[in-house]
Ligand code: THG
């Protein structure tokens with residue numbers, strides 16, 4: 001891709017150590033020619049392979065990909081007070097949540113600042129997994145449990161999600177796990193047999209395409225016996241040949257188009273869930289007690305000052321944005337910043353996600369984006385997800 005380089009990255013290497021954890025699939029990912037990694041939850045997440053983000057995007061929309069998203073760590077909360085603790089951590093009511101369901105939940109602090117935006121899985125009445133974005137929820141949960149005297153056990157289990165994403169993911173998984181895969185509805189999971197082990201598979205994933213997540217269990221328990229994770233990767237890979245499978249990773253173009261936000265990038269503890277368009281998980285009629293309730297209800301009655309929007313902007317195709325780009329109004333007031341942005345080959349413009357000041361957040365409003373070389377580019381506010 002031509003165009004000005006918006007990231008200033010020199011050829012600096014990242015030193016590996018035990019603190020930057022490998023996954024059961026890292027060896028396979030390396031064999032597939034991974035080009036770079038990032039670190040999420042102290043664990044490696046592949047960022048790219050041989051193809052460009054754009055090539056990967058088209059492939060993801062047509063075929064099927066396998067992603068090592070082991071860094072979506074599980075915080076397992078079990079015991080008599082498990083439900084009480086989970087409920088204490090989120091404004092979204094889990095009263096009616098059934099076993100086998102996944103819930104996208106905001107986790108907030110006492111000021112209603114976002115601490116994480118995980119996927120919650122209910123494994124049983126007294127057993128939950130919180131599938132976290134990039135912050136240390138295990139410590140937060142332990143602190144709350146200790147402070148409240150809850151009878152729970154909190155651990156990070158031996159579980160490493162492997163995502164199978166793309167329109168052919170259903171056919172691929174049917175060929176491996178059988179026809180019951182078809183019965184899985186969005187944000188539901190079931191247990192499937194794999195070489196004599198039980199594995200949880202959910203219909204979910206960090207993309208706009210159809211897809212599944214295998215919550216692979218057994219990296220540590222099978223250590224020195226068989227490398228069960230590598231076996232799983234190999235089987236997915238071999239059966240995937242028929243479906244033109246590629247190694248992949250969360251795709252920036254697809255994710256931005258889908259309006260899927262990234263914790264630590266698009267929003268932080270500085271933001272409340274209403275600013276993040278998560279109002280539907282903060283219903284006022286849900287009257288359960290949770291941390292941050294007082295602050296959140298106050299914000300709900302007073303209104304918010306900014307909110308996440310899409311921006312479509314002109315100019316040379318943007319490479320993935322490394323440093324946030326400031327967004328200005330016509331009269332040169334800073335009204336936001338784009339942390340995630342890239343060129344969309346489908347919309348044929350640059351696209352980005354940004355919190356936008358409320359005086360300027362109406363759809364269709366004109367804004368200006370300052371790129372690193374100082375050029376002002378014209379942009380327009382859009383809804384999320386980006387229109388098809
Ligand atoms: N899968 C799993 N864990 C995760 C992620 C994931 N943990 C970290 C991160 N991703 C959490 N963020 C999101 C954001 C959005 C969605 C999933 C995880 C998502 N949302 C749907 C939507 O917005 O349309 C559905 C929400 C709902 O119906 O509840 O898919 O990707 N395991």
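Just to be sure I understand the curve: with the Debye formula and one point per C-alpha of region 64-155, what is log10 I(q)/I(0) at q = 0.11, 0.18 Å⁻¹? Log10 of I(q)/I(0), two decimals: -0.29, -0.76.
So how do 342-349, 151-158, 249-256, 68-75 stack up, highest first, on mean other-Cβ count within 10 Å? Before the final figure, lay out the partial values.
Details: 342-349: 17.9, 151-158: 15.5, 249-256: 23.9, 68-75: 25.4.
In descending order of packing, they fall as 68-75, 249-256, 342-349, 151-158.
Fully extending the segment from residue 237 to residue 186, taken as 0.36 nm per residue of separation minus the present Cα-Cα distance, adds 16.0 nm.
In terms of overall dimensions, the C-alpha atoms belonging to region 123-165 reach 41, 25, 15 Å along their principal axes, ordered largest to smallest. The label-point distance for residue 258 and residue 366, in a model that sets each label 7 Å from Cα toward Cβ, rounds to 3.4 nm.
If you look at the Cα atoms of region 1-123, you get an Rg and a Dmax of 18.9, 58 Å.
In this calculation the C-beta distance from residue 155 to residue 42 is compared with R0 = 25 Å, giving a FRET efficiency of 0.95.
For a test of the definition: using alpha carbon positions, the gyration tensor, and the 1.5 limit on a/c, classify region 100-154 as rounded, prolate or oblate. The shape class here is oblate. Every pair of different Cα atoms in region 193-306 enters the Kirkwood calculation, which places the hydrodynamic radius at 18.2 Å.
Taking the inverse of the mean reciprocal distance over all distinct Cα pairs, the Kirkwood hydrodynamic radius of region 144-236 comes to 14.6 Å.
Full extension of the chain between residue 358 and residue 99 gives 89.3 nm of extra length, using 0.36 nm per residue less the Cα-Cα distance.
When averaged across all projection directions, what area in nm² does the alpha-carbon convex hull of region 284-388 cover?
On the way: hull surface 34.0 nm².
Reported value for the Cα convex hull: 8.5 nm².
Each Cα pair under 8 Å and six or more residues apart adds its sequence gap; the mean of these over the residue count of the chain is a relative contact order of 18 percent. Does region 12-82 come out rounded, prolate or oblate by the C-alpha gyration tensor, with a ≥ b ≥ c the root eigenvalues, rounded set by a/c under 1.5 and, if not, prolate when a/b is larger than b/c and oblate if not? It comes out oblate by the Cα gyration axes.
Building the convex hull from the alpha-carbon atoms of region 26-65 and averaging its projection over directions returns 3.1 nm².
When Rg and the Kirkwood radius Rh are both evaluated on Cα atoms of region 266-331, their ratio Rg/Rh stands at 1.09. Note on the chain: Cα-Cα pairs beyond 28 Å make up 49% of the total pair count.
As a footprinting exposure proxy, order 43, 114, 127 by other Cβ within 10 Å, with the fewest listed first.
Values: 43 22, 114 25, 127 16.
Listed from fewest to most nearby Cβ atoms, that is 127, 43, 114.
Computed from the Cβ-Cβ distance with R0 of 35 Å, the FRET efficiency linking residue 58 to residue 221 stands at 0.35.
From the P(r) of region 179-222, could you give the percentage of C-alpha pairs in the tail past 11 Å? Before the final figure, lay out each step's value.
Numbers: 640 of 946 pairs.
For region 179-222, the share of Cα pairs beyond 11 Å comes to 68 percent.
Under 11 Å from a point 7 Å along the Cα-to-Cβ line of residue 286: which residues of region 79-103 have their amide N that close? The answer is 87-97, 103. Residues of region 362-388 with an amide N closer than 20 Å to a point placed 7 Å from the Cα of residue 332 along the Cα-to-Cβ direction: 366-379. Over the C-alpha trace of region 71-223, radius of gyration and Dmax come out as 15.8, 48 angstrom.
Give me the extension gain from residue 13 to residue 378: residue separation times 0.36 nm, minus the current Cα-Cα distance, reported in nm with one decimal. Spell out each step's value before the answer.
On the way: separation 365, 0.36 × 365 = 131.40 nm, distance 3.55 nm.
Extra length available between residue 13 and residue 378 comes to 127.8 nm.
Based on C-alpha pairs under 8 angstrom that are at least 6 apart in sequence, region 283-388 has a relative contact order of 30 percent.
We did not get these values from a lab; they are worked out from the coordinates using the rules stated. Remember, predicted model here, so these are calculated numbers, not experimental data. Cβ coordinates were reconstructed from backbone atoms using ideal geometry, including for glycine residues, and neighbour counts include every protein chain displayed.
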